Amino acid sequence: MSLDASMVLIEGPWEHRFVAANGARFHVAEQGEGPIVLLLHGFPQFWWAWRHQMAALAESGYRACAMDLRGYGASDKPPRGYDTRTSATDVASVLRSLGGSRAVVVGHGWGGWIAWSMPTLQPTVTRAIASLSMPHPLVFRKASFANPRQLRANAYLGGLQRPFVPERQMTVHGGYVQRLLREWASPEGIWPSPEEARIYADAMALPFVAHSAAEYYRWVVRSQVRPDGWKFAARMRTPISLPVLQLHGEHDGAVLADTAGGSASYVTGPFERHLVPNAGHFLPEEAPDVVNQHLLDWLATLH
């Protein structure tokens, strides 16, 4: 079956639009009117991961904008630009193209990593941040070396460093993506359904998406021994004075719950952290009601 990017333009109560930002074209799904809440998905997903939050945010008077990150979904897939500094610039540029000046940025997984970087790399557009399933980047980097269980959970990162092989794994038959979804989700839950797993596997099989997804993780590993990575780490030591919400699943199979603490030491502003019981890595879909309640309660404190 031939796949093209139109498959991720899933119909629903949202609207699809394309915006020019930072030299590329980005796809954004929007729902609701009011202050912008910009939603950043993680790996191996795309904007659709936020569908439950978009409905709740719209009903509560917010403009929910879920973008496809560079290289994913219906956004452009250039050969370069998968470092965190470029990602933060992408997010800031998309926000401006949407007509916003400052916004709350909410990220999941790799999107959470980008959200953590926004107060430091793009402070003028960032009102507050929420990160789901991802502690502060320096906390995660330290845990990746110091915690043997996290090191084992990161085995996929090593696999993604190889040339060509991961791209083939992620695009042939969809088995690799579906396995990650199930391994990282809570074993006590019923997520993902066969239909959800197929949709994400098909989205990863779109031309150039698997390569783009792998490039994010190649940068995060290789940058640790390169000057751009050293500069990023130095910048990320800057205390975050904005409000921060951190949510983490009790049974997260990708970023283990016992490695997710410690982010508060990088935050001088208001900080909330909640552990979500009986949920794994994919919080927006595994525990949508709990996530929505935490998110809406926290947003109400920002007024």
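The values are calculated or read from the model by the stated rules, or taken from the named source; none is laboratory data. As the structure is a computational prediction, the values presented were derived from the model and not from experiment. Quick reminder, even Gly has a Cβ in these numbers, built from the backbone with ideal geometry, and neighbours come from all protein chains shown. Heads up: the accessible areas ignore ligands, DNA and RNA and are worked out on the full protein's heavy atoms, side chains in. Shrake-Rupley method; radii C 1.70, N 1.55, O 1.52, S 1.80 Å.
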Practice problem: Starting at the first residue of the stretch 258-266, write each ³J(HN,Hα) from the Karplus equation 6.51 cos²θ - 1.76 cosθ + 1.60 with θ = phi - 60°, in whole Hz, x for Gly and Pro. | Solution: 6, 9, 8, x, x, 5, 4, 5, 9
Quiz item: What are the residues whose amide H is under 5 Å from the amide H of ARG63, where those residues sit 5 or more places off or on another chain and H is modelled from the backbone?
Solution: GLY34, ILE36, VAL37
Quiz prompt | For the chain: relative contact order, % (alpha-carbon pairs under 8 angstrom, 6 or more apart) | solution = 19 percent
Exercise. Would you indicate which of (i) 24, 23, 20; (ii) 27, 21, 21; (iii) 35, 21, 18 is the value of semi-axes √(5λ) of the Cα gyration tensor in Å derived from the coordinates of this structure?
Key: (i)
Quiz item: Cα atoms only, the stretch 211-303: Rg and Dmax in Å?
Solution: 15.7, 42
Quiz item: Per-residue HN-Hα couplings for the stretch 201-218, Karplus 6.51 cos²θ - 1.76 cosθ + 1.60 at θ = phi - 60°, whole Hz, x for Gly and Pro?
Solution: 5, 5, 5, 6, 7, 4, x, 6, 5, 4, 5, 4, 4, 5, 5, 4, 7, 5
Practice problem: Measure of size requested: the Rg and Dmax of the stretch 27-152, with Cα atoms as the atom set and Å as the unit; please supply both. | Solution: 14.5, 46
Quiz item: Hey, can you rank 282-291, 264-273, 103-112 by average C-beta count inside 10 Å, highest first?
Solution: 103-112, 282-291, 264-273
Self-check item: Estimated 222 nm signal from helices in the chain, with DSSP H stretches of n ≥ 4 weighted -39500 (n - 2.57), rounded to 500
Solution: -12000 deg cm²/dmol
Practice problem: Just the ratio, please: alpha-carbon radius of gyration of the stretch 198-257 over 2.2 N^0.38 Å, N its number of residues. | Solution: 1.55
Exercise. List every residue whose amide H lies under 5 Å from the amide H of GLN246, counting only residues 5 or more places away in sequence or on a different chain, with H placed 1.01 Å from N in the peptide plane.
Key: SER131, GLU272, ARG273, HIS274
Self-check item: Amide H contacts under 5 Å for ALA21, placed H, 5+ residues apart
Solution: PHE26
Exercise. Based on the mean of other Cβ atoms within 10 Å per residue, sort peptides 35-46, 51-62 so the most packed one is first.
Key: 35-46, 51-62
Exercise. Among ALA130, ALA201, ALA234, determine the one that fluctuates most according to a GNM of the chain built with springs between C-alpha atoms less than 10 Å apart.
Key: ALA234
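For the chain, what is the percent of antiparallel DSSP beta bridges, rounded to the nearest 5?
Here the share of antiparallel DSSP bridges comes out near 30 percent.
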Practice problem: Would you please classify the overall shape of the stretch 1-82 from the alpha carbon gyration tensor, given that a ≥ b ≥ c denote the square roots of the eigenvalues, rounded means a/c under 1.5, and beyond that prolate means a/b larger than b/c while oblate covers the rest? | Solution: prolate
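Can you work out the accessible area per residue across the stretch 1-150, with the rest of the protein chains kept in place, probe 1.4 Å, in square angstrom?
Values: 5070 Å² over 150 residues.
Ligands and nucleic acids excluded, the result is 34 Å² per residue.
Whenever you get a sec, compute what percent of the accessible area on the chain sits on carbon and sulfur atoms (1.4 Å probe). The partial results should precede the final answer.
Values: 6740 of 12130 Å².
Answer for the chain: carbon and sulfur cover 56 percent of the accessible area.
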